[in-house]
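Below: one structure, written as structure tokens.
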Amino acid sequence: MKGEDLVVQLRQRVRDHIFQEITRSLCPECRRVIDAQVLVRKGAVYLRKHCPEHGWHEALVSSDAGWYLASLKYNKPGAIPFTFATEVERGCPFDCGLCPEHQQHTCLSLIEITSRCNLACTTCFADAGAGFDLSVDQVEKMLDRLIEAEGRPEVVQISGGEPTLHPQLMDILAAVRARNILHVMLNSNGVRLADDPEFVRRLARHGPTIYLQFDGLSARAHRELRGRDLRAVKQRALDNIAEAGLTAVLVATVVQGVNEGEIGDILRFGLEHPAVTGVSYQPATFAGRCLNGHDPLNRATVTGVLHALESQTQGLFRVSDFLPVPCPHPTCCASTYAYVEGKQVTPVTRLLNVDDYLDFITDRTVPDLSEEIRPALEALWSLAAVPGTEKATNNLTCVACNINIPLPANVEALRRSFFMVHVHGFMDEHTFDVKRLMKCCIHELLPDGRTVPFCAYNNLGIREQVKRQESASR
Ligand code: SF4
Ligand code: SF4
Ligand code: SF4
């Protein structure tokens, strides 16, 4: 055998991926907790895992490995709640929660006050339909436990099902307002808000920010995701919200092959409607009713949305305008803010090197840092930040003043001078990653006194457990 033939014969094959780390995930077939490898392949990030019963599974986690890996430097130390509801016994994720090993306090608490809904969306990860309403007394007990754990909670989000169907919604909002809680948000599909302007005026007395489901401007997006064309409904809902003096964040579920081409249009629509102070994009999570017919290797991701924003807004927002949010695990979501003056939209990241202030790992000290800017930016790049609220407006005003941006003096005009764009990649059984779960700061409050990370609630059978218990007790 010639020398060069020998070299060819001895050359070892090289793997098609770079191994990054090991974590724990779920088998998408039986939901048992199994080890998972985080791999980089052709510029994207994948979770690869093996179930002893159901074999190998792989899922796309991020379409941009560069973003994913660079985001890790935005991690920051978590705050410790005053109380925990469970002990460490079996290890994460079996001790939820919160157990003392959880790595972050609650930035945003969710309460699902009803499992009923007036729509039947195919993409409903809550699997809402018929079901139960929580009593006001139950909600009050949950709020009181939250206050024990958090002292002064920042944000409570009232959710469902469709919470506007709850007959005592106003009493529940009043119960939140009566406590030491900074802000309340209300999730809604907008159907009742569109049809009942008097109801929206009554809501306005409690001042919630409306998180309005809004998946696009085409009839197809609505029909495929929600079962009917809701474009006129969303428009009327937003007009009623504006008329009542409330503000809204558009919440877009992004499904690959359905509405990923409308990401830019949704943003432009939001910038133009007077009620809208931000857009939150959520790549679809395959849970609840949204389980079938989706390919875990070809799906919407946080980075996919960021790149679509850049291309579909012709650079109005660029990928480089976004930073990971450091309070949960930094691969979970990304945000940015812009100053808006008429048609002029300027992301704050083009005026200030926000990166210098939010890099908690290398903790670079910027010599000419204003003492005020870092806390303001930290509060803005947080899951407790709600655009349009007094707190977010004050923080953005503080940043603007420090970099000499002229702002209107009128309070209402000032509030509308800022716009938030957020992208949140909730996990499902394919992308479930225990290291992200342990740092989660969006927590579901349960009627039994526990507080569990939202991605645990969606993927570990906890929502189903609550539904069974609540339905049986009625
Ligand atoms: S997710 Fe948090 S609360 Fe739940 S078991 Fe893990 S560490 Fe404990
Ligand atoms: S996704 Fe929202 S609006 Fe649609 S069925 Fe579920 S709870 Fe109702
Ligand atoms: S809800 Fe899920 S995706 Fe969001 S911060 Fe928590 S673990 Fe991360």
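The values are calculated or read from the model by the stated rules, or taken from the named source; none is laboratory data. Treat the numbers as computed from the prediction; the structure is a model and nothing was measured. Quick reminder, even Gly has a Cβ in these numbers, built from the backbone with ideal geometry, and neighbours come from all protein chains shown.
Mind checking which residues of segment 132-154 are crowded, with 18+ Cβ neighbours inside 10 Å, outside any helix (DSSP H, G or I) and touching a residue at least 40 places away in the same chain (Cβ under 8 Å)?
The answer is PHE132, LEU134, PRO153, GLU154.
Which of the numbered conditions does GLN157 fail, given that it passes all the others? Conditions: (1) touching a residue at least 40 places away in the same chain (Cβ under 8 Å); (2) within 16 Å of ligand 3 (Cβ to nearest atom); (3) part of a loop (DSSP other than H, G, I, E, B).
(3)
Can SER135 be described as small (Gly, Ala, Ser), under 30 Å from PRO77 (Cβ atoms) and more than 16 Å from ligand 2 (Cβ to nearest atom)?
Values: small (Gly, Ala, Ser): yes; under 30 Å from PRO77 (Cβ atoms): no; more than 16 Å from ligand 2 (Cβ to nearest atom): yes.
Criteria not met by SER135.
Only residues that are farther than 28 Å from PRO347 by Cα and over 17 Å from the mean Cα position of the chain (by Cα): list them for segment 412-433, please.
Matches in segment 412-433: HIS430 only.
Can you tell me which residue among THR313, THR285 is at pLDDT 95 or above, among the polar types (S, T, N, Q) and away from ligand 1 (no atom under 16 Å from the Cβ)? Spell out how you get there, then give the answer.
Working: THR285 fails: at pLDDT 95 or above.
From the options THR313, THR285, the qualifying one is THR313.
Give the number of residues within segment 109-121 that are buried (at least 16 other Cβ atoms within 10 Å of the Cβ) and either of a type outside the set (Val, Ile, Thr) or part of a loop (DSSP other than H, G, I, E, B) (or both).
Total satisfying the criteria: 9.
Only one of (1) more than 19 Å from ASN75 (Cβ to Cβ); (2) in contact (Cβ under 8 Å) with a residue 24 or more places away in the chain; (3) surrounded by fewer than 17 Cβ atoms within 10 Å (Cβ to Cβ) is not met by GLY342, so which one is it?
Single failed check for GLY342: (2).
Any residue in segment 429-437 that is touching a Phe, Trp or Tyr at 6+ places or on another chain (Cβ under 9 Å) and part of a helix (DSSP H, G or I)?
No, segment 429-437 has no match at all.
Which of the residues belonging to segment 102-125 are within 16 Å of ligand 3 (Cβ to nearest atom) and out of contact with any helix residue (DSSP H, G or I) (no Cβ under 7 Å at 6 or more places or on another chain)?
GLN104, CYS107, LEU108, GLU112
Would you confirm whether or not segment 263-273 contains a residue that is part of a loop (DSSP other than H, G, I, E, B) and closer than 13 Å to GLY388 by Cα? Break it down stepwise before answering.
So in segment 263-273, the residues part of a loop (DSSP other than H, G, I, E, B) come out as 273.
From what's left, closer than 13 Å to GLY388 by Cα: none.
No, because not a single residue in segment 263-273 is part of a loop (DSSP other than H, G, I, E, B) and closer than 13 Å to GLY388 by Cα.
Being buried (at least 23 other Cβ atoms within 10 Å of the Cβ), at pLDDT below 95 and either within 16 Å of ligand 3 (Cβ to nearest atom) or not in a helix (DSSP H, G or I) (or both) is the filter here; which residues of segment 393-427 pass it?
Answer for segment 393-427, where residues must be buried (at least 23 other Cβ atoms within 10 Å of the Cβ), at pLDDT below 95 and either within 16 Å of ligand 3 (Cβ to nearest atom) or not in a helix (DSSP H, G or I) (or both): just PHE418.
Of all residues being assigned to a helix (DSSP H, G or I) and at pLDDT below 95 in segment 224-234, which is nearest to ligand 3 (Cβ to nearest atom)? Just the residue, please.
That would be LEU225.
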